[in-house]
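The values are calculated or read from the model by the stated rules, or taken from the named source; none is laboratory data. None of these values were measured; they are calculated from a predicted model. For neighbour counting, all protein chains shown are included, and Cβ atoms are generated from backbone atoms with ideal geometry for every residue, glycine included. Surface areas here come from the heavy atoms of the whole protein model, side chains and all, with no ligands, DNA or RNA. Shrake-Rupley method; radii C 1.70, N 1.55, O 1.52, S 1.80 Å.
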Amino acid sequence: MSNRMWGGRFAEGPDAIMEEINASIDYDRKLYRQDIAGSKAHVRMLAAQQIVTAEDAAKIADGLDTILSEIEEGKFTFSRALEDIHMNIEARLAELIGPTAGRLHTGRSRNDQVATDFRLWVRDTLDTLDQQLSELMQALAEKAEIHAADVMPGFTHLQSAQPVTFGHHLLAYVEMFARDRSRVRDARARMNESPLGAAALAGTSFPIDRKATAEALGFDRPTANSLDAVSDRDFVIEALAASSICAVHLSRFAEEIVIWCSAQFGFIKLSDKFSTGSSIMPQKKNPDAAELIRAKTGRIFGSLQGLLVVMKGLPLAYSKDMQEDKEQAFDGLSSISLALAAMTGMVKDLEPNTKVLKKAAGSGYSTATDLADWLVRVLGMPFRDAHHVTGRIVGIAVERNCELHKVPLEAMQEVDATITEEVFSVLSVDKSVRSRVSYGGTAPVNVRKQARRWLKELARG
């Protein structure tokens, strides 16, 4: 029996294998709200343009509302034989209102229909990611303000470098996630054009009003080229690209949380809410939420790479290859959304071990740069000479197995006789961070100011 949705061209139904490879309803049913919204906008426009009667448009709209209720109440039966969400809804509409249902597809194709539905879904998802990023940034900024003066080691090469504050470290991620949020918003603005009415690839001969349907669906404008409208998946690729960069930032922070939670570091504590145990080792408390965020980054990258490979060799306009876009997007974008939610929860939950952090901040001779800066600033020494003198003093500290601020003044003066007692004013970690008052520096006064600025900006939306 021919597929009634394809019309009279096919005398036989598809082979079982063809049906299996062709069907997308198992995953694209996720688009049902967007599909029904697009159809309702389309039929209202058809009636306004007198392409269908107002009576038929009302019957179609009522039928679509019924279908929406059936799906949301779990009463709708999805059929793999009908391939996708569009055909499933159209077939059910025909059961509900009869032949009038066939008028809905006037002036459109599945090609522009799916492009419209998918844009609506991606747009909704980007709005969700925007909000989630805002919530994560707020959690970080709030914690940064609380811990603006709590010192910790700053690292390069994962070696102690210079003291910073815990709040300053958290604000570094606020900056990263702010860029992610900007990319999400840019992607949304660029994609907000309506393909509806582009039809299969060439537009339609019916006197449709594409501006009306674009406005009804919240788009800024209709797409300007019908070929591009149905074959473009840049909007999905860009959403996944923005998500991939965001995932990099989430993964870097997740890695730090894993390190910080270890017994060897002990920098932070996570409650039981975001930890798991071991089936054999009763003492274990594992930061599995952070580890899973780190792992989901690979899935998000894979979604982007998979779609890039699907699209790279396709001629205009639509090809069935593009059906493979949905699973990639659904998986990648749902993964980034879950990762953002988990990270926000962990940020709110974690508490720094301030005593451990402060002790670690002074290890590894982390105030050596402060000593070199003092030699330049107070004694007028060229920085390269100051670097050399400081290195020799650090060597003395290593030999004596003591911290830099505990090296006796006499020992320092053996390296350079002009060094005075004043040098000890810069060698503690607290004084070190307080001195870093340059814009963007780690001084607590800076950190509080930046945290409050971010909280104020986030409150504006």
- Message: If Thr442 meets every condition in (1) in contact with a Pro (Cβ under 8 Å, 6 or more places away or on another chain); (2) surrounded by fewer than 17 Cβ atoms within 10 Å (Cβ to Cβ); (3) not aliphatic (A, V, I, L, M) apart from one, which number is that one?
- Response: (2)
- Message: Restricting to the range 29-42, name every residue that is within 15 Å of Ser194 (Cβ to Cβ), open to solvent by less than 30 Å² (accessible area, probe 1.4 Å) and among the aliphatic types (A, V, I, L, M).
- Response: Ala41
- Any residue in the range 139-159 that's open to solvent by less than 10 Å² (accessible area, probe 1.4 Å): show its pairings with residues that are among the acidic types (Asp, Glu) and not in a strand (DSSP E or B) at Cβ separation under 9 Å, as long as the two are six or more apart or on different chains. Val151/Asp430
- Message: So, in the range 179-210, how many residues would count as being under 30 Å from Thr354 (Cα atoms) and open to solvent by 20 Å² or more (accessible area, probe 1.4 Å)?
- Response: 1
- Failed condition for Val122, given (1) over 28 Å from the mean Cα position of the chain (by Cα); (2) open to solvent by less than 20 Å² (accessible area, probe 1.4 Å), with all others met? (1)
- Tally of residues being open to solvent by 10 Å² or more (accessible area, probe 1.4 Å), over 14 Å from Thr165 (Cβ atoms) and touching a residue at least 60 places away in the same chain (Cβ under 8 Å) across the range 342-361: 8
- Message: I'm checking my understanding of the structure. Among residues of the range 261-296 that are in a strand (DSSP E or B) and touching a helix residue (DSSP H, G or I) at 6+ places or on another chain (Cβ under 6 Å), which one is modelled with the highest pLDDT?
- Response: Ile268
- Query: Can Leu338 be described as in contact with a helix residue (DSSP H, G or I) (Cβ under 9 Å, 6 or more places away or on another chain), surrounded by fewer than 15 Cβ atoms within 10 Å (Cβ to Cβ) and part of a helix (DSSP H, G or I)?
  - Reply: yes
